[in-house]
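Here's the structure we're looking at; comments come further down.
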There are 2 protein chains.
Amino acid sequence: MAVPRAARTQRRTRIQEEKEERILEAALDVFSVHGFRGSTIDQIAEAARMSKPNLLYYFRTKEAIHRQLIDRVLSTWLEPLQAFDAEGSPESEIRSYIRRKLEMARDFPRESRLFANEVLQGAPHIEDELKGPLKELVDEKAEVIRAWSRAGKIAKCDPYHLIFSIWSTTQHYADFDVQVRAVLGQEQAGEGRFEDAARFLEQLYMDGLRIQST
Amino acid sequence: MAVPRAARTQRRTRIQEEKEERILEAALDVFSVHGFRGSTIDQIAEAARMSKPNLLYYFRTKEAIHRQLIDRVLSTWLEPLQAFDAEGSPESEIRSYIRRKLEMARDFPRESRLFANEVLQGAPHIEDELKGPLKELVDEKAEVIRAWSRAGKIAKCDPYHLIFSIWSTTQHYADFDVQVRAVLGQEQAGEGRFEDAARFLEQLYMDGLRIQST
DNA sequence: GTAAGCTTTTACCAATCGGTCAAATTATCG
DNA sequence: CGATAATTTGACCGATTGGTAAAAGCTTAC
């Protein structure tokens, strides 16, 4: 008899690695569009081009797939904020944070929607991550911003709401892509919209925070 | 034999009015949390405190409930943008638009999440509304903003991305409420967060658009 | 009151859901 | 090669899904 999951903790075959990758890739496709409850194992199995029992050989439950997906994507998702550096200048740090977040919205929209779906539906599976690692990271970076504020490098403002506003404006282009495209219309909805967004947002935050451009 | 839906088009009894209201109210609760696919008729029926067949007597299908809910909520949802007045001053119009949108995020979070869920999942049920009425309204208001820009009343900026950014920042407080609360922590997550947000956003947009406060 | 129509319920349906099982198949290693 | 372990499959399970049929219960207008 096969002992797949016990074996996997010790060493993973090429096949295991390959199939798990395919499953997670397919699951990202499905979960990011329909959310956890709206997605079915059959959908994921079909997207991964394998039978349902075969998929369940690698992941015991639907939740197991979802959890691993979340875990894997979360760290990538926080990277831009991690990179936010107290030593840098407010201008370059905020500019590049906006750019990075917009690039992620452009290049990894599924990851963005995966989280958006999860949070929107009450974050039943990632509450701990939000209250733990995420809060700590934001607290830390908020302190950096507050220091800039006090030093007169940027306008006085609530650092938390500043971070929220950058999150929401940038992720908007991934999460609400359909709406953005619909409103912009065929002509303006090309890839150039990310450049336009970057230009607008950088200007908004530079002037809004009264940061002198160098 | 009963002919409920035909009769309803002619005149609605007190009971019909009452029950349909209860169903839509319950459906808003359920759909706004789980999205269309993630919600079940049973859930809605239970929330509406009636049996499933009884619910299906008033709405033939799950989609019928969802559609009516969307239709009803959409106009309310667009009201703040409708109120955006070309004759007013940029300062008062943008200020009050932000306030109104934040008030809606605070007072009608379910409505916001209903749309967020729908759009996030590809807007399969409201594509027409987005490409039609919504786009037209935004086009119209974008022209107002562009005129202000040209007249030197506000900084030059892309009016579409300005509108997107106001949408995303304000709705963020409804759609990602769990995240906002988690990050702010127990102490700061009270109702005061909406006042803090309003203060931050008004400052950001006034300075970001170089609008002189009067 | 009573008859007509409106509302509600009980019982049910086929399809789909997440997941299991044992057997068949394939890969790996000596 | 042969044996052992890893992988894949088809058949199946009970629960839940969206939805129906028909009869019972209730309102309302005459």
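The values are calculated or read from the model by the stated rules, or taken from the named source; none is laboratory data. The structure presented is a predicted model; accordingly, all values stated were derived computationally and were not measured. Virtual Cβ from ideal backbone geometry, glycine too; neighbours counted across all protein chains shown. For accessibility, only protein heavy atoms count, side chains too; no ligands or nucleic acids. Shrake-Rupley method; radii C 1.70, N 1.55, O 1.52, S 1.80 Å.
Quick grid of which residues meet (1) under 24 Å from the mean Cα position of the chain (by Cα); (2) more than 10 Å from DNA strand D (Cβ to nearest atom); (3) surrounded by fewer than 20 Cβ atoms within 10 Å (Cβ to Cβ):
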site: A:Glu17; (1), (2), (3): yes, no, yes
site: A:Glu21; (1), (2), (3): yes, yes, yes
site: A:Phe31; (1), (2), (3): yes, yes, no
site: A:Gly35; (1), (2), (3): yes, yes, no
site: A:Gln43; (1), (2), (3): yes, yes, yes
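For the stretch A:46-57, the candidate set comprises residues that are near DNA strand C (Cβ under 9 Å from one of its atoms) and in a helix (DSSP H, G or I); within that set, the residue that is farthest from the other protein chains (Cβ to nearest Cβ) is A:Tyr57. Taken over the stretch B:64-101, residues that are within 13 Å of DNA strand D (Cβ to nearest atom) and within 14 Å of chain A (Cβ to nearest Cβ) amount to 1.
Considering (1) more than 9 Å from every other protein chain (Cβ to nearest Cβ); (2) at negative phi; (3) open to solvent by 50 Å² or more (accessible area, probe 1.4 Å), the lone condition that A:Ala174 does not fulfil carries the number (3). Taking the criterion of being in contact (Cβ under 8 Å) with a residue 12 or more places away in the chain and either β-branched (Val, Ile, Thr) or in the same structural domain as B:Val33 (by TED's automatic domain parsing) (or both), the residues of the stretch B:165-181 that qualify are B:Ile166, B:Thr169, B:Thr170, B:Val180. Given the criteria part of a helix (DSSP H, G or I) and under 16 Å from A:Tyr97 (Cα atoms), does A:Val178 qualify? Answer is no for this residue.
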